[in-house]
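Notes follow once the structure below has been shown.
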Amino acid sequence: MRSLVPIALTAAALALVPLWLSDSDFRMGLALEGLLFTAYAIAFNLIFGSTKQLFLCVGALAGVGGYTAAILADRVGLPMLLALVLAAGAAAVTGGLFSWVAVRRSLDVIFTGIITLTFSLAFQNLILGQRNLTGGETGLLVDTGAGTILREPVPAYYVFLGIVVTYLVVFRLLQRSHVGWAFRALRDDEVAAELAGVNVPRYRIYAGLVGSGMLGLAGAFFAFTEGFISASTFSFGHVDIRVLVMVVFGGLGTLLGPVLGATVFSVIDEVLIGVGQLRQVVYGLVVIAFFVGFKHGLVPAIETLVRTIAGRMGARIGTKGD
Amino acid sequence: MTAVVLDGIVLGLQFGLLGVGLTLVYGLGGVLNLAHGQLAVLGAIAVWLAIGTGLPVLPAVVVGLAAIGLLGFLLDTTLMRPVYARRGDERVLLGLLLTLGVAFIIDGLLNWRYPIASLNISIGGDPISILGVRMRTGSLLASTIAIAAAGLLLLFFRGTTLGRGVRSVIQDEEGARLVGINPASVRNLIFALSAVLAGLVAVTRSMTSPVSASAGIDFTILALIVAVVGGLGSILGAFVAGILLGIVNTVSSFYIGQYITTIVLLAAAALTILLRPSGLLGRRK
């Protein structure tokens with residue numbers, strides 16, 4: 001149970017956000033998008049941070065979920081819950097398939113990245129091309145969810161907070177189970193893990209399946225709360241690049257790194273709205289300055305700092321006691 | 001059909017020239033330069049600015065390419081240093097992130113300062129008939145430049161001492177150091193060369209269609225795909241992959257239509273990687 005304390009604290013902190021943002025629908029929208037990206041980042045962290053599979057199709061997998069849910073609920077008329085489950089399933093199967101292929105062909109980081117990148121771009125073109133089904137460039141209005149509390153800023157925020165907390169718990173439970181033990185082993189030294197009897201391919205595919213399912217579910221929920229999705233909602237430039245930066249910024253493979261990274265960059269986005277077109281330049285400068293300075297991300301850096309301070313204080317108390 | 005294939009080759013030579021710069025930098029330092037396309041566009045805008053000051057096209061191109069080469073050199077000597085200080089996966093990841101930062105900065109600056117700028121060099125003259133197909137002089141000149149660049153590159157890497165030195169660093173950095181080659185200066189040189197090649201692509205591309213300030217990310221992605229399909233580190237591979245993908249592109253866009261074409265192109269690239277993970281002409285590590 002103790003291992004869930006950081007998650008509870010994070011949840012409590014994030015639950016307070018609407019207290020000072022709820023007077024502005026615009027800012028609540030930004031906060032919700034921050035949580036959406038947090039959810040993406042946790043899922044990406046599970047896949048890349050834990051098992052070193054560089055999935056550059058975060059947006060596309062979320063898009064598989066978003067479009068599947070929207071089309072099944074609106075066109076086919078399935079109940080919302082069923083549509084959500086099927087959407088998550090579709091994304092999980094797609095992502096699991098990539099893991100399976102990558103494992104079978106023993107692709108390294110770069111090649112897994114390129115294969116999934118090609119899927120991202122192909123998916124984008126598929127959405128733009130299949131106008132009748134997806135609305136093409138104009139996007140797709142989603143009717144399911146309209147008129148319910150899902151469309152109100154504050155409840156929608158808490159729905160996404162629920163998703164983020166659930167994902168964090170799943171991540172932590174996986175970390176604490178034999179699966180997490182295998183993840184760590186294969187992250188530190190793949191060959192040694194293999195020799196120690198860890199079935200590396202199987203755990204990679206697990207991570208691919210679960211992480212992609214999470215992405216699909218988040219995308220599907222977003223379709224229902226936002227009421228509108230388009231190709232750019234899930235595009236590589238809009239989603240993948242940001243998620244990669246957030247996760248590496250926060251700390252790859254750590255529990256709270258994705259939350260921290262997504263929060264920091266959401267705040268940066270909000271602050272930089274004033275500078276308009278120069279926003280991207282500042283974003284680039286932040287990325288460079290940060291990665292030259294910190295090697296392993298913010299969470300490990302903070303942990304080291306806390307440990308150092310605690311160590312010094314411990315030493316001082318120790319001498320006083322003498 | 002011949003016309004479509006010839007168009008594909010024209011396009012493919014550009015693809016190849018785009019991929020070759022990326023492949024060289026990766027082969028040398030393990031850095032996958034995500035700002036490659038942005039450097040290309042920056043080159044195009046530099047040429048556009050030079051033309052704007054009243055320079056004739058040819059000197060303007062020289063000035064623009066020199067500027068972009070210098071920028072490449074500066075990037076490698078400053079920003080890339082911490083990257084080269086790392087090894088293995090860490091180097092790859094840091095290289096990706098820092099060049100991504102550079103891409104953001106270039107894109108942002110261009111979008112801020114020159115949002116609607118685009119380079120469009122029109123080459124006059126009547127169409128010339130090749131294999132019974134009338135080709136625009138712009139396409140022919142662009143292809144000639146690409147072929148000449150490919151030839152010069154191969155000649156440089158196979159025929160000159162400096163070029164062999166570069167290849168020795170690609171094969172074995174430690175070994176090269178032992179025989180007295182300084183990998184850092186070789187990397188500087190190649191990063192600058194890669195930036196010039198990127199700029200050259202934007203210039204030749206602008207002879208057939210305008211290159212806008214926002215085209216950076218498209219160029220980068222295309223370069224990535226071409227370089228990987230050709231085999232990272234292989235110069236000839238990049239050109240072979242470029243030409244094949246160029247032909248696939250024009251043939252399917254002629255017979256099927258634009259959106260599906262991109263999907264066909266991407267599927268072809270993915271399939272090649274899956275069948276030959278080391279690329280068409282790459283060596284297995």
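The values are calculated or read from the model by the stated rules, or taken from the named source; none is laboratory data. Keep in mind that what you see is a predicted model, and the values were worked out from it rather than measured. Virtual Cβ from ideal backbone geometry, glycine too; neighbours counted across all protein chains shown. For the accessible areas, the whole protein counts, side chains as well, though only heavy atoms, and no ligand, DNA or RNA atoms are used. Shrake-Rupley method; radii C 1.70, N 1.55, O 1.52, S 1.80 Å.
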Just a yes or no: is a residue in the stretch A:70-87 surrounded by 24 or more Cβ atoms within 10 Å (Cβ to Cβ) and under 30 Å from residue B:96 (Cα atoms)? no
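So is residue A:103 in a helix (DSSP H, G or I), touching a Pro at 6+ places or on another chain (Cβ under 6 Å) and within 14 Å of chain B (Cβ to nearest Cβ) or not? Spell out how you get there, then give the answer.
On the way: in a helix (DSSP H, G or I): yes; touching a Pro at 6+ places or on another chain (Cβ under 6 Å): yes; within 14 Å of chain B (Cβ to nearest Cβ): yes.
Yes: the conditions hold for residue A:103.
Every residue in the stretch A:38-52 that is of a type outside the set (Ser, Thr, Tyr) and surrounded by 24 or more Cβ atoms within 10 Å (Cβ to Cβ), please. Can you show your working first?
Applying the first criterion (of a type outside the set (Ser, Thr, Tyr)) to the stretch A:38-52 yields A:39, A:41-49, A:52.
Listed by number, the residues that qualify are A:39, A:41, A:42, A:43, A:44, A:45, A:46, A:47, A:48, A:49.
Any residue that is open to solvent by less than 10 Å² (accessible area, probe 1.4 Å) and either within 12 Å of chain A (Cβ to nearest Cβ) or under 30 Å from residue A:189 (Cα atoms) (or both) - is there at least one of those in the stretch B:73-85?
From the stretch B:73-85, those open to solvent by less than 10 Å² (accessible area, probe 1.4 Å) are B:76, B:80, B:83; that's our starting set.
Still in the list and also either within 12 Å of chain A (Cβ to nearest Cβ) or under 30 Å from residue A:189 (Cα atoms) (or both): B:80, B:83.
Yes, there is a match, as at least one residue in the stretch B:73-85 is open to solvent by less than 10 Å² (accessible area, probe 1.4 Å) and either within 12 Å of chain A (Cβ to nearest Cβ) or under 30 Å from residue A:189 (Cα atoms) (or both).
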Subset of the stretch B:90-116 (residues that are free of Cβ contacts under 8 Å to residues at least 60 places away in the same chain and either in contact with a helix residue (DSSP H, G or I) (Cβ under 8 Å, 6 or more places away or on another chain) or within 25 Å of residue B:211 (Cα to Cα) (or both)): B:93, B:94, B:97, B:98, B:101, B:104, B:105, B:108, B:109, B:112, B:113
Scan the stretch A:88-108 for residues that are open to solvent by less than 20 Å² (accessible area, probe 1.4 Å), within 30 Å of residue A:191 (Cβ to Cβ) and either of a type outside the set (Ser, Thr, Tyr) or at pLDDT 95 or above (or both) and jot them down. A:92, A:95, A:96, A:102
Against the definition (under 27 Å from residue A:18 (Cβ atoms), part of a helix (DSSP H, G or I), out of contact with any Leu (no Cβ under 6 Å at 6 or more places or on another chain) and open to solvent by less than 40 Å² (accessible area, probe 1.4 Å)), how does residue A:157 come out, yes or no? no
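Here is a list: B:260, B:256, B:243, B:247. Which entry is more than 14 Å from chain A (Cβ to nearest Cβ) and either more than 14 Å from the chain's Cα centre (by Cα) or among the acidic types (Asp, Glu) (or both)? Outline the logic, then answer.
On the way: B:260 fails: more than 14 Å from chain A (Cβ to nearest Cβ); B:256 fails: more than 14 Å from chain A (Cβ to nearest Cβ); B:243 fails: either more than 14 Å from the chain's Cα centre (by Cα) or among the acidic types (Asp, Glu) (or both).
Exactly one of B:260, B:256, B:243, B:247 is more than 14 Å from chain A (Cβ to nearest Cβ) and either more than 14 Å from the chain's Cα centre (by Cα) or among the acidic types (Asp, Glu) (or both), namely B:247.
Looking at the structure I just gave you, is residue B:131 touching a residue at least 60 places away in the same chain (Cβ under 8 Å) and open to solvent by 70 Å² or more (accessible area, probe 1.4 Å)?
Yes, satisfied.
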